[in-house]
Amino acid sequence: MTSLRIAILTYSTHPRGGVIHAMEVAEALHSLGHDVCLFGLDKTGAGFPRSLDCKTVCIPAAIAPESTDELIALRIREYVEYFSASDRPFDIYHAQDCISANALIALRDRHLVPHVLRTVHHVDEFNSPYLRACQERSILEADRCLCVSAFWQRELRDRYGIPSSRVRNGVNLKRYSPQPSGREASLKQRLGLNGSPIFLTVGGIEPRKNSIRLLQAFARVRDLHPNAQLVIAGGTTLFDYQAYRSEFFSEVERLNVPLALALVLPGAIPDTDMADLYRCADAFAFPSIKEGWGLVVLEAIASGLPVVTSNIAPFTEFLDGHQAISIEPHSSAAIATGLLQVVNSEVAVSLVRAAMAVVRDYDWGASARLHVDIYQQILARS
């Protein structure tokens, strides 16, 4: 097999789903013997959340302007300026998001890169015409689109008339397992996790994470389990969800859910603590109304947690009713029913036993081999 020089670009070094996907695919491609460099825009100088075996380049990102449109334009420009001045040629240029894809499209149009590959994890519904145009350009003007789920393949075909190639997501079973590390107790103490049961979700307070309905469901659960805690971890994003966050905290007051005691909001969790955090919880709740895939669901299952998730694609592509509690995400009552079911010990044991077979099917090495097949097709056409 000929070794390929592969540039993988992601919009950030902060570990959200698309960034984790990029990191894991880059590592898996490196393990196959390819010369991989993972690029990320780094606004803090901290770099990627953990050291990687493949090459990495963290491109300094300037202080963000107040306007989201200006921020996106700035991030695209930072990528364009970096690669315009770079003399490192790659065989493959692969963007993982609309920001890096727009940068590569601009570079391709100047004949500085030969092509643009774009993984579409999901399609957002932006209010800003500028953001909508950026997203559509990144899909319509890419030379090849990849998707991680059949659902988003269909969406690209039906919405844009774009055929796409399916690649896989995975879960790192060396990082995520039910086996305690011995650090869980200290992490619980640090975060104030002393309730029972403890429900965990990851992704922050956002509309597509369905945070308000999850909060409403949790308030119902507290009627029967007054010592229950809900942990909403993560949340750093490029986009401004302040109006939704304000509505969320108004609902916290209305429902009389005590912050820090019942509702725990630790913010971004260091990568070194993530595996331990899953093991601190009793169940994982993920009633999203839109996801590219939901990598955190696989991580939670691999960590030995029973899962409550939405009865929509893409979750239904890899989980059935024996492997997760599947709920109607637009009903807080249905979410509450799912949360109450999942803390039944017999139900939890049955779910975990059935779901562990699922995670073994999702291997980053298999995903990397699918990527290589697509890369070779691109190069053959070139």
Suppose we keep only residues that are of a type in the set (Val, Ile, Thr) and closer than 20 Å to Ala185 by Cα within region 263-318. Which one would you say is surrounded by the fewest Cβ atoms within 10 Å (Cβ to Cβ)? Thr272
Condition check: assigned to a loop (DSSP other than H, G, I, E, B) and over 19 Å from the mean Cα position of the chain (by Cα). Does Gly292 satisfy that? no
Filtering region 77-99 down to residues that are among the aliphatic types (A, V, I, L, M) and either in contact with a Pro (Cβ under 7 Å, 6 or more places away or on another chain) or in contact (Cβ under 8 Å) with a residue 12 or more places away in the chain (or both) yields Val80, Ile92, Ala95, Ile99
With respect to Thr10, determine if the residue is open to solvent by 20 Å² or more (accessible area, probe 1.4 Å) and either hydroxyl-bearing (Ser, Thr, Tyr) or closer than 21 Å to Asn172 by Cα (or both). no
Going by what's in this entry, would Arg166 be described as basic (Lys, Arg), in contact (Cβ under 8 Å) with a residue 24 or more places away in the chain and surrounded by fewer than 18 Cβ atoms within 10 Å (Cβ to Cβ)? yes
Sole miss for Thr309 among (1) under 28 Å from Arg166 (Cα atoms); (2) part of a loop (DSSP other than H, G, I, E, B) is condition (2)
Quick test for you: out of Arg108, Arg88, pick the one residue that is open to solvent by 30 Å² or more (accessible area, probe 1.4 Å) and in contact with a His (Cβ under 7 Å, 6 or more places away or on another chain). Arg108
Single match in Thr56, Thr68 (criterion: buried (at least 19 other Cβ atoms within 10 Å of the Cβ) and of a type outside the set (Gly, Ala, Ser)): Thr56
Out of region 18-42, which residues are open to solvent by 10 Å² or more (accessible area, probe 1.4 Å) and touching an Asp or Glu at 6+ places or on another chain (Cβ under 8 Å)? Gly18, Glu27, His30, Ser31
Checking the structure you have, find out if any residue of region 128-136 is in contact with a strand residue (DSSP E or B) (Cβ under 7 Å, 6 or more places away or on another chain), open to solvent by less than 30 Å² (accessible area, probe 1.4 Å) and either part of a strand (DSSP E or B) or closer than 19 Å to Glu291 by Cα (or both). no
Of the listed residues (Arg132, Arg157), the one being modelled with pLDDT under 95 and of a type in the set (Lys, Arg) is Arg132
Complete set of residues in region 183-198 that are open to solvent by 70 Å² or more (accessible area, probe 1.4 Å) and assigned to a loop (DSSP other than H, G, I, E, B): Arg183, Asn194, Ser196
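The values are calculated or read from the model by the stated rules, or taken from the named source; none is laboratory data. This one's a predicted model, so the numbers in the text were calculated from it and none came from an experiment. With ideal geometry, Cβ positions are generated from the backbone for all residues, glycine too; neighbour counts draw on all protein chains shown. Protein only, heavy atoms only, side chains kept; ligands, DNA and RNA dropped before computing areas. Shrake-Rupley method; radii C 1.70, N 1.55, O 1.52, S 1.80 Å.
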